[in-house]
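Below is one structure, written out as structure tokens, with a few remarks after it.
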Amino acid sequence: MPPVYTSPMPDMRLWPTGRLLSTAARLVENAWNAKLGDIGLTHAGVIALDVLEAKGPMTQSMLAQVVRVQAQTIGRTLMRLESYAYIDRQRSQSDRRSQVVSITDAGTSAREQARGLERSVLESAAVDSDKLRSELQVIVRALTAPDEEARWLLPEVQPQISVSQPANVERVEDVADHQAGSAAGRSR
């Protein structure tokens, strides 16, 4: 028979930093998700809305790539967002197999509400949330490979695409190559 543990949780002052970070992240995300549910959002939905707001319309497969999830996972998230009219999906004019996703006015409003809810999660903690965010960003940047940082930490390096993107564009890098080639062709 396995032992039964009746003592309290070990002293958190002895926990490794990674355990503190992962536990805090899980607790914050759970509390935030509970609040987000009231407006029909999840953490994954907020991330999708953030990307669409920052980068503009893009194919569903490109959105999945940018947020680093499988196409099926983003599909479920988008179905929920669409049911609340937070996003709009339209068939790509250049590749009828693809759907181009864009954020709606309702999605922009929900995204703003979500930011307020995020701030409210840490109100009960005696912590400077702006300073905490800044310190966490330092950690993420320090531990992220330079090519990864360029892909997902810096929104300005990601190009916007239009609903009429070329059919052969599936990856963010392909969009940049295509746009560079189009610009070169226009400047001749």
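The values are calculated or read from the model by the stated rules, or taken from the named source; none is laboratory data. Please read these numbers as outputs of a predicted model, since none were measured by experiment. So basically every Cβ, Gly included, is an ideal-geometry build from the backbone, and we count neighbours across all protein chains shown. Areas reflect the complete protein model, heavy atoms only, side chains present, ligands, DNA and RNA absent. Shrake-Rupley method; radii C 1.70, N 1.55, O 1.52, S 1.80 Å.
For the reader, a short list of remarks on this structure follows.
- Only protein heavy atoms count here; under a 1.4 Å probe, Val101 has an accessible surface of about 0 Å².
- Accessible area in the full protein assembly, largest first, 1.4 Å probe, for Leu52, Leu14: Leu14, Leu52
- Förster-model FRET efficiency, 30 Å R0, Ala142 and Arg96, C-beta, rounded to 0.05: 0.10
- Length available on full extension from Thr108 to Leu27: 0.36 nm per residue minus the Cα-Cα distance, which gives 26.6 nm.
- Taking all protein chains into account, the per residue accessible area for the stretch 1-151 stands at 64 Å² (1.4 Å probe).
- Taking the square roots of five times each eigenvalue of the Cα gyration tensor of the stretch 15-108, the equivalent ellipsoid has semi-axes of 28, 16, 10 Å, listed largest first.
- Glu53 - accessible surface, heavy atoms, 1.4 Å probe, Å² rounded to 10: 70 Å²
- Taking all protein chains together, Lys131, Lys55 sort by accessible area into Lys131, Lys55, largest first [probe 1.4 Å].
- Surface listing: Thr144, Thr73 arranged by accessible area from highest to lowest gives Thr73, Thr144, probe 1.4 Å.
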